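Each remark here refers to the structure printed beneath this line.
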Amino acid sequence: MAKGTLTQKIISAHLVSGGERTGSETGIRIDHTLTQDATGTMAYLELEAMGVERVKTEISVSYVDHNMMQNGPENSNDHLYLQTVAAAKGVWFSRPGNGICHQVHLERFGAPGKTLLGSDSHTPTGGGIGMLAIGAGGLDVALAMAGQPFRLAYPRVVGIKLEGRLPEWVAAKDVILKVLSILSTKGNVGSVVEYFGEGVKSLSVPERATITNMGAELGVTTSIFPSDERTLEFLKAQGREKSHTALSADPDAEYDRVIKIDLSSLVPLAACPSSPDNIRSIEELAGTPVSQVVIGSCTNSSFADLMLAREILKGKMVSEKVSLAIAPGSRQVIRMLSDCGALSDLVSSGARILESSCGPCIGQGFSPADGAVSLRTFNRNFPGRTGTKNDAVYIVSPLVAAASALAGSIADPRNLGMKLPRIETPAKFAVDDRMIIPPAPAGTKVEIIRKPTIGEPPANRPLPENIDGIIVIKTGDKITTDHIMPAGSYLKYRSNIPAYSKYVFEPLNEKGKATFAERAAGIRDSGKHAVIVGRDSYGQGSSREHAAICPMYLGVKAVIANSIERIHSANLVNFGIIPLIFDNPSDYDAVEENAKIAVRDIRSQLRPGAKIKAVLSTKSGEKEITLSHKLTDEDVKIILAGGRLHC
Ligand code: MIC
Ligand code: SF4
């Protein structure tokens, strides 16, 4: 166990059940929850299905930031449901236009030492202000709102010791890209990344939040910074100094692993297509023609980020080869840019100002041309996430983005030949909470509005005695939840499982072949059970529980892979699908699509710590294989019942 770490201290202060031994199941009390609209509708439908009258947390906030296209009635129907269910259940409601959930939570609610559970994988943004902020599926967040502890494997703690300070033109984004180049997106499940050391104090809260936000791409449980004078400075400027507590690891804290990073040695970097850990230096990439640049998303859309972009763009015009879009992270950020004239400078330089929402980050508009290079300050460049199948997204800092927008090709901002002004944390941010609606007082009668596109969480049957399985798909490495349950133009079906299920694995469907949904439903309707096979890091990325609910709806009973990511694995359990691991990774090679896989007596074989025997049909006959899992007693109970809503 990592002793004396900040992570350990916050977990101990919130411990409800379980031990403090690495890997053992631990239950912690959750102080704050957040939901966003794309995962929130299902989370509140689940909260209602549990019969919860009013949330039990200190603060729960429902944000609307993802589904803002309002192309057809679906998104607006969702907004109405979310606003009214929030009022009824004791939840604060951040209206569409108020900003991206992680940015606004940091500005208006975040508090050091608190636990935050959010139905969005970038919830660890809150780690920038010293919160233990964890992303989870909607059902886990609904349970936390109902007052139940959150169950997690007691984490390993990786300490990242920051020394020195960033050179001019090198940004917080380059710190996390450097960390991704060291740790990669694979193999970090069950860890927390904790930053410490002298270099920490040179980073402001928004810079720290960029680092913890994109820590999600490592696949860790969360990332966290200490809370110090810089945290106080930020909270004071938000008029919330009362929320400040100083927090740090003990000087002799023992980490499970320590990585040293000398900030002064870093250079501008990029994550190249199409994985956040495909890192190269901007120096190497300079000159690559660029067709669009987007500055925004929950990673890099703070006031300081956009002011830096403005300093570079002011008085100049973006290259005629580039379309530049800027999406400020919150209404507070837009107002401040507007008040100081920066918005006008950005518009004058040719920037297209988008509304304050996730927008292009989740494929809601601004898709690039076929094969064209798009430079984004976001956190994910999974293939096709932009809405263009053959996209080529490079993830960079706002400094690189702005310099490249002027040049029309990837440009190293160190060659701009100008002095970069310091953007200090303002003494006062423009605080105005009128777009955050408080819940109705307890006991008030509130009508919850449900338009016809608001469905219900689907029911499931208990796990059968035997799995009479057919492998409906065999995927490769690093399958993300964007592959399993694409967002973009399908995002509007989030509250309607039968409609959304038609698009499971849509990006992997092949022309002329039945879709995944048709094949899985065919297996289900013939009385057999669909099984999915993946390789390493199956289920990376987003927290969307739809990547479990929709396969469940289509009759999938098990996912077998060499490794399955944390949030997705928990979502599978919550909806009654067994997450299994090949004991012998080379058994993956013997698997073929449409082959049979039989697991006899699965209900009695499924026990914590026990291996599972299965028989796989292969080209050369039947093969007995062994599968393992990390399921706890509680997980087994949930799966046997057919999912948590049936327990
Ligand atoms: C994402 O960045 O992929 C999302 C969209 O924010 C998701 C949530 C969702 O799918 O609704 C996430 O990161 O959890
Ligand atoms: Fe929104 Fe993109 Fe952040 Fe997800 S990663 S919360 S889609 S801005």
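If the condition is being of a type in the set (A, V, I, L, M, F, W, C), touching a helix residue (DSSP H, G or I) at 6+ places or on another chain (Cβ under 7 Å) and within 16 Å of residue 7 (Cβ to Cβ), then the range 112-165 contributes 116, 117, 129, 132, 133, 134, 150, 157, 160. Among the residues of the range 369-383, those that are of a type outside the set (A, V, I, L, M), at negative phi and either within 8 Å of ligand 1 (Cβ to nearest atom) or out of contact with any helix residue (DSSP H, G or I) (no Cβ under 9 Å at 6 or more places or on another chain) (or both) comprise 370, 379, 380, 381. Scanning the range 463-482 for residues that are modelled with pLDDT of 95 or more and either acidic (Asp, Glu) or within 16 Å of ligand 2 (Cβ to nearest atom) (or both) returns 465, 468, 480, 481, 482.
If a residue has to be in a loop (DSSP other than H, G, I, E, B), acidic (Asp, Glu) and closer than 30 Å to residue 73 by Cα to count, how many in the range 449-484 make the cut? Quick ask: steps written out before the conclusion?
From the range 449-484, those in a loop (DSSP other than H, G, I, E, B) are 449-466, 475-479; that's our starting set.
Next cut, acidic (Asp, Glu) only: 456, 465, 477.
Of the ones still in play, those that are also closer than 30 Å to residue 73 by Cα are 456.
Qualifying residue count, the range 449-484: 1.
Restricted to strands (runs of 3 or more DSSP E) entirely inside the range 264-318, those with at least 1 residues that are surrounded by 17 or more Cβ atoms within 10 Å (Cβ to Cβ) and either of a type in the set (Val, Ile, Thr) or without any contact (Cβ under 8 Å) to a residue 60 or more places away in the chain (or both) are 279-281, 292-295. If you go through the range 175-200 and keep only what is within 22 Å of residue 296 (Cβ to Cβ) and either touching a Ser or Thr at 6+ places or on another chain (Cβ under 6 Å) or among the small types (Gly, Ala, Ser) (or both), you end up with nothing.
Every listed requirement among (1) over 21 Å from residue 330 (Cα atoms); (2) in contact (Cβ under 8 Å) with a residue 24 or more places away in the chain; (3) out of contact with any Gly (no Cβ under 8 Å at 6 or more places or on another chain); (4) not small (Gly, Ala, Ser) is met by residue 391 save one, (3). On inspection, residue 247 passes the criterion of being within 19 Å of residue 7 (Cβ to Cβ) and buried (at least 17 other Cβ atoms within 10 Å of the Cβ).
Residue 99 - would you say it is more than 14 Å from residue 225 (Cα to Cα) and either within 14 Å of ligand 2 (Cβ to nearest atom) or not aromatic (Phe, Trp, Tyr) (or both)? Can you show your working first?
On the way: more than 14 Å from residue 225 (Cα to Cα): yes; either within 14 Å of ligand 2 (Cβ to nearest atom) or not aromatic (Phe, Trp, Tyr) (or both): yes.
Here the answer is yes, as residue 99 does meet what is asked.
Run down 267, 220 and say which single residue is in contact with a strand residue (DSSP E or B) (Cβ under 6 Å, 6 or more places away or on another chain), of a type outside the set (Lys, Arg) and either modelled with pLDDT under 95 or under 21 Å from residue 382 (Cβ atoms) (or both). Write out each step before concluding.
Working: 267 fails: either modelled with pLDDT under 95 or under 21 Å from residue 382 (Cβ atoms) (or both).
Just one listed residue meets the conditions, 220.
The values are calculated or read from the model by the stated rules, or taken from the named source; none is laboratory data. The structure displayed is predicted, hence computed values, not measured ones. Cβ sites come from the backbone with ideal geometry, for glycine too, and all protein chains shown count toward neighbours.
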